[in-house]
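K.L.:
Before we start, here is the structure in question, set down as structure tokens.
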Amino acid sequence: MGKADDPDNTIIARLREKAGRLERLEGELVALEREREDLLDSKNRLARKLEKYHRSLEEWEWFFEHSVQMLCIAGLDGYFRRVNAAFANTLGYSREELLARPFVDFVHPDDLSKTMRELKGLGTGRDSISFENRYLAKNGSWRWIAWYCPAITDATTKLFAIASDITEDRRKEAEILYKASHDSLTGLYNRAAFEESLESAIAQQGRNQKGEVVLYLVDIDGFKSVNDRHGHMAGDHLLQVISNRFRQIQRAGEMVARVGGDEFAFLVDGTPEPSGGYPVEPLAERIIAQVSQPVALSTGDVTVGCSIGISMFPGTAGDLCTLMTQADKAMYAVKYSGKNGFQKYTPSLD
């Protein structure tokens, strides 16, 4: 019997073979265990990320719903996708009503073209910052809305916007501007606003070389006696009544203002007649007719008159100061000659 046929050698060879297999299996088990641990670690990391994501999502949802700012998400088809409670409450609609119509349906007609330009800019990569337009509320009023909306990019297929209702701010601004340009007693334009308009009219006429800038300076005759006899409250009422009458006779291209205690001024962008010159008489006669009507006071009716001085640019004056001076001279010429009439400035008054 040869050595290779020795039963002991065969057994040893088989044992070695099994030992090798066992070693390989142990190695595979170790590898599988490492793989299992890696999978468990990945699972735990993924679970933590999911938990963090859900927590962030919950925080975002809470912020979206409870933010005092108006928040909305809109699709590129022009419809709202989501609006928060503040957005809906500000405009007075339900969320379903806001989502059912294109958002441009809510935009004021006068703001539509600039809104479309702003939307076009968002599509070309330009952020919309502090853009303002008016939105129709359910009660029929118009709310001024200020928007912030990042531009559309390849990563975004929707519009995400933050908005604020600035209606009250606009109202306060308008009130401040109104008070700055209007007389508190009569509601007419004040002297500052009048002089600004007069300066602008003269500058425009100087550029266009057309028409006439006509100034009517009106002083109320007998106002002091009304104050002295009936009191300042009666005098104030008289001025208010006359101011309302001036509004009624005011026509397109005419501006009326209270420029002093009992002084008023009319500014006219006049068109000369074919025969030459602007006809100053019609407006002057309308002013006198209105002032001359009786005014009812608690102590009885009173009647006053007025003296009107008229000057023209470039007809008689070459600048604002000269125009005002000439009208003042013409007005006092009427007062000295008997009052309750009108006088166009001529060089003879100097």
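K.L.:
Can you find a residue in region 293-301 that is charged (D, E, K, R) and touching a residue at least 40 places away in the same chain (Cβ under 8 Å)? Break it down into steps so the answer makes sense when it comes.
P.N.:
Going residue by residue through region 293-301, those that are charged (D, E, K, R) are 301.
Remaining after also requiring touching a residue at least 40 places away in the same chain (Cβ under 8 Å): none.
No, there is no match, as no residue in region 293-301 is charged (D, E, K, R) and touching a residue at least 40 places away in the same chain (Cβ under 8 Å).
K.L.:
Take Gln293 and decide whether it is surrounded by fewer than 18 Cβ atoms within 10 Å (Cβ to Cβ), touching a helix residue (DSSP H, G or I) at 6+ places or on another chain (Cβ under 9 Å) and at pLDDT 95 or above.
P.N.:
Numbers: surrounded by fewer than 18 Cβ atoms within 10 Å (Cβ to Cβ): yes; touching a helix residue (DSSP H, G or I) at 6+ places or on another chain (Cβ under 9 Å): yes; at pLDDT 95 or above: yes.
Yes; evaluated as a whole, the condition is true for this residue.
K.L.:
Go through (1) in contact (Cβ under 8 Å) with a residue 24 or more places away in the chain; (2) in a helix (DSSP H, G or I) for Ser225 and report which single condition fails.
P.N.:
(1)
Results for (1) within 17 Å of Ile242 (Cα to Cα); (2) not polar (S, T, N, Q), shown as yes or no for each residue.
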| position | (1), (2) |
| --- | --- |
| Glu281 | no, yes |
| Gln290 | yes, no |
| Leu297 | yes, yes |
| Gly300 | yes, yes |
| Ser307 | yes, no |
| Tyr332 | no, yes |
| Lys335 | no, yes |
| Gln343 | no, no |
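K.L.:
Can you pull out the residues in region 106-134 that are surrounded by 13 or more Cβ atoms within 10 Å (Cβ to Cβ), modelled with pLDDT of 95 or more and of a type in the set (Asp, Glu)?
P.N.:
Of everything in region 106-134, those that are surrounded by 13 or more Cβ atoms within 10 Å (Cβ to Cβ), modelled with pLDDT of 95 or more and of a type in the set (Asp, Glu) turn out to be Asp111, Glu132.
K.L.:
Additional query: If I filter region 268-282 for residues that are at pLDDT 95 or above, more than 33 Å from the chain's Cα centre (by Cα) and open to solvent by less than 50 Å² (accessible area, probe 1.4 Å), do I get at least one hit? First the steps, then the outcome.
P.N.:
At the first step, the residues of region 268-282 found to be at pLDDT 95 or above are none.
Among the residues of region 268-282, not one is at pLDDT 95 or above, more than 33 Å from the chain's Cα centre (by Cα) and open to solvent by less than 50 Å² (accessible area, probe 1.4 Å), which makes the answer no.
K.L.:
Restricting the search to region 129-140, which residues are free of Cβ contacts under 8 Å to residues at least 24 places away in the same chain and either part of a loop (DSSP other than H, G, I, E, B) or closer than 16 Å to Leu76 by Cβ (or both)? Let's see the steps before the verdict.
P.N.:
Within region 129-140, the first condition is being free of Cβ contacts under 8 Å to residues at least 24 places away in the same chain, and the residues that meet it are 129-131, 140.
Hit for region 129-140 is Gly140, nothing else.
K.L.:
Return a yes/no flag: does region 217-227 have any residue that is within 19 Å of Gly318 (Cβ to Cβ) and at pLDDT 95 or above. Spell out the reasoning first.
P.N.:
At the first step, the residues of region 217-227 found to be within 19 Å of Gly318 (Cβ to Cβ) are 217.
From what is left, the residues that are at pLDDT 95 or above are 217.
Among the residues of region 217-227, at least one is within 19 Å of Gly318 (Cβ to Cβ) and at pLDDT 95 or above, which makes the answer yes.
K.L.:
Still on this model: Restricting the search to region 232-265, which residues are more than 25 Å from Thr299 (Cβ to Cβ) and among the charged types (D, E, K, R)?
P.N.:
Selection gives Arg247, Arg251, Glu254.
K.L.:
Taking interchain pairs and intrachain pairs at least six residues apart, which have beta carbon atoms under 6 angstrom, with the first residue in region 106-120 and closer than 14 Å to Ala146 by Cβ and the second of a type in the set (A, V, I, L, M)?
P.N.:
Listed by first residue and then by second, the contacts come to Thr115/Val107.
K.L.:
Which members of region 212-258 meet the condition of being hydrophobic (A, V, I, L, M, F, W, C), surrounded by 13 or more Cβ atoms within 10 Å (Cβ to Cβ) and out of contact with any Leu (no Cβ under 9 Å at 6 or more places or on another chain)? Before you say what the answer is, go through the steps one by one.
P.N.:
So the first thing to find is which residues in region 212-258 are hydrophobic (A, V, I, L, M, F, W, C), and the list is 213-215, 217-218, 220, 223, 226, 233-234, 238-239, 241-242, 246, 249, 252, 255-257.
Of the ones still in play, those that are also surrounded by 13 or more Cβ atoms within 10 Å (Cβ to Cβ) are 213-215, 217-218, 220, 223, 226, 234, 238-239, 241-242, 246, 249, 255-257.
Leu217, Val218, Val241, Ile242, listed by residue number.
K.L.:
Quick one: what pairs do we get from region 192-204, first residue touching a residue at least 60 places away in the same chain (Cβ under 8 Å) and over 11 Å from Leu267 (Cα atoms), second part of a helix (DSSP H, G or I) and of a type in the set (Gly, Ala, Ser), C-beta under 7 Å, 6+ apart or different chains?
P.N.:
So the pair list comes out as Ala193/Ser181.
K.L.:
Out of everything in region 88-102 that is open to solvent by 60 Å² or more (accessible area, probe 1.4 Å) and either assigned to a helix (DSSP H, G or I) or among the charged types (D, E, K, R) (or both), what residue ends up being nearest to Ile145 (Cα to Cα)? If you could, list the steps in order and put the result at the bottom.
P.N.:
Applying the first criterion (open to solvent by 60 Å² or more (accessible area, probe 1.4 Å)) to region 88-102 yields 89, 95-97, 99-101.
Cutting the leftovers down to either assigned to a helix (DSSP H, G or I) or among the charged types (D, E, K, R) (or both) gives us 89, 95-97, 99, 101.
Numbers: Asn89: 13, Arg95: 18, Glu96: 20, Glu97: 18, Leu99: 18, Arg101: 18 Å.
Only one residue tops the list, namely Asn89.
K.L.:
Let me ask something else. From the set of residues in region 159-177 that are surrounded by 14 or more Cβ atoms within 10 Å (Cβ to Cβ) and among the charged types (D, E, K, R), which is nearest to Ala74 (Cα to Cα)?
P.N.:
Looking at the filtered set, the residue picked out is Asp165.
K.L.:
Could you count how many residues in region 75-87 are within 13 Å of Phe103 (Cα to Cα) and in a helix (DSSP H, G or I)? Step through it out loud before you land on a result.
P.N.:
So in region 75-87, the residues within 13 Å of Phe103 (Cα to Cα) come out as 75-83, 87.
Imposing the further condition that a residue be in a helix (DSSP H, G or I) reduces the set to 87.
Total meeting the criteria: 1.
K.L.:
From the list Ala180, Ala146, Ala201, which one is surrounded by 15 or more Cβ atoms within 10 Å (Cβ to Cβ), of a type in the set (Gly, Ala, Ser) and in contact with a helix residue (DSSP H, G or I) (Cβ under 9 Å, 6 or more places away or on another chain)? Quick ask: steps written out before the conclusion?
P.N.:
Numbers: Ala180 fails: surrounded by 15 or more Cβ atoms within 10 Å (Cβ to Cβ); Ala201 fails: in contact with a helix residue (DSSP H, G or I) (Cβ under 9 Å, 6 or more places away or on another chain).
Of Ala180, Ala146, Ala201, the one residue that is surrounded by 15 or more Cβ atoms within 10 Å (Cβ to Cβ), of a type in the set (Gly, Ala, Ser) and in contact with a helix residue (DSSP H, G or I) (Cβ under 9 Å, 6 or more places away or on another chain) is Ala146.
K.L.:
Let me ask something additional. Name every residue in region 67-87 that is open to solvent by less than 30 Å² (accessible area, probe 1.4 Å), in contact (Cβ under 8 Å) with a residue 24 or more places away in the chain and of a type in the set (A, V, I, L, M, F, W, C), in order of residue number.
P.N.:
Met70, Leu71, Cys72, Ile73, Ala74, Phe87
The values are calculated or read from the model by the stated rules, or taken from the named source; none is laboratory data. Only a predicted model underlies this, so the values are computations on that prediction, with no experimental measurement involved. Cβ: placed from backbone, ideal geometry, glycine included. Neighbour counts: every protein chain shown. Accessible surface is based on the protein model in full, side chains and every heavy atom, while ligands, DNA and RNA are left aside. Shrake-Rupley method; radii C 1.70, N 1.55, O 1.52, S 1.80 Å.
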